[in-house]
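Quick notes on the structure that follows.
The values are calculated or read from the model by the stated rules, or taken from the named source; none is laboratory data. Keep in mind that this is a model prediction, so the values were computed, not measured. Quick reminder, even Gly has a Cβ in these numbers, built from the backbone with ideal geometry, and neighbours come from all protein chains shown.
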Amino acid sequence: MEERLFRDAMGKFATGITIVTTDYNGEVMGMTVNAFMSVSLKPKLIAISIDERARMYEKLQETKEFGLSILSEDQKELSMIFAKQMEKDRDIPIIKQNNIPVIKDSIATLSCHVKETAVAGDHMIFIAEVSEVRMEKADPDPILFYGGKYRNIQSL
């Protein structure tokens, strides 16, 4: 099977967009991630998948903690900045949650501590326990990713 066929088929699964952030030696680093899922309620676990070529791949193995910010449709440009699809043209609105950086005004933010990792092909799956969750009081619509493009709920 061709890699492009597999990639296109996986792109038919609509996902939300998150930004994963960590504090590495005093520098906030982050990347856009759509490979995210809830794993367990007891304990509260989530999983993210990071490509071995990404800067965050090794950094998360060292810090063993990260923030996860679920983005609204108004935060598309932040996703594009962290995905290196656009140059950083402004300050990124970072706040600390349990001393872990997250994106301010996201739909929801999670403070996470890595419990397990598993190599899966050219990615690493980070399974993390969630120590804190905060949600916006308003209920904004999420930004979605489908078919290799950013979408919103109305466009689907």
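Tell me yes or no: at least one residue of segment 135-153 is under 15 Å from E73 (Cα atoms) and among the β-branched types (V, I, T).
Yes, the conditions are met somewhere in segment 135-153.
Kindly provide the set of residues from segment 42-53 that are over 14 Å from A120 (Cβ atoms), surrounded by 14 or more Cβ atoms within 10 Å (Cβ to Cβ) and not hydrophobic (A, V, I, L, M, F, W, C), ordered by number.
K44
Looking at L78, L68, which is the one that is in contact with a Cys (Cβ under 7 Å, 6 or more places away or on another chain), closer than 25 Å to M10 by Cα and surrounded by 16 or more Cβ atoms within 10 Å (Cβ to Cβ)?
L68
Please find, among A120, A108, A128, the residue that is within 17 Å of N34 (Cα to Cα), exposed (fewer than 14 other Cβ atoms within 10 Å of the Cβ) and in contact (Cβ under 8 Å) with a residue 12 or more places away in the chain.
Every option except A120 fails the conditions.
Counting just the residues of segment 54-65 that are without any contact (Cβ under 8 Å) to a residue 40 or more places away in the chain and buried (at least 18 other Cβ atoms within 10 Å of the Cβ), which one comes out farthest from Y150 (Cα to Cα)?
Once the filter is applied, the top-ranked residue is K59.
Restricting to segment 9-34, give me the number of residues that are under 19 Å from V119 (Cα atoms) and at pLDDT below 95.
Within segment 9-34, residues that are under 19 Å from V119 (Cα atoms) and at pLDDT below 95 number 1.
Taking I127 as meeting all but one of (1) β-branched (V, I, T); (2) farther than 22 Å from S49 by Cα; (3) not in a loop (DSSP other than H, G, I, E, B), write down the number of the exception.
The failed condition is (2).
Which one of the conditions (1) without any contact (Cβ under 8 Å) to a residue 60 or more places away in the chain; (2) in contact with a helix residue (DSSP H, G or I) (Cβ under 9 Å, 6 or more places away or on another chain); (3) part of a loop (DSSP other than H, G, I, E, B) does P140 fail to meet, given that it meets all the rest?
So the condition that P140 fails would be (1).
Limited to segment 110-156, what total is found for residues that are in contact with a Leu (Cβ under 9 Å, 6 or more places away or on another chain) and not charged (D, E, K, R)?
Of the residues in segment 110-156, 21 are in contact with a Leu (Cβ under 9 Å, 6 or more places away or on another chain) and not charged (D, E, K, R).
Report yes if D51 is among the acidic types (D, E), under 16 Å from the mean Cα position of the chain (by Cα) and within 17 Å of T21 (Cβ to Cβ), otherwise no.
Against the criterion (among the acidic types (D, E), under 16 Å from the mean Cα position of the chain (by Cα) and within 17 Å of T21 (Cβ to Cβ)), D51 qualifies.
Please verify whether I92 is within 16 Å of the chain's Cα centre (by Cα) and either over 13 Å from M29 (Cα atoms) or not β-branched (V, I, T) (or both), treating the condition exactly as stated.
When the stated conditions are applied, I92 does not pass them.
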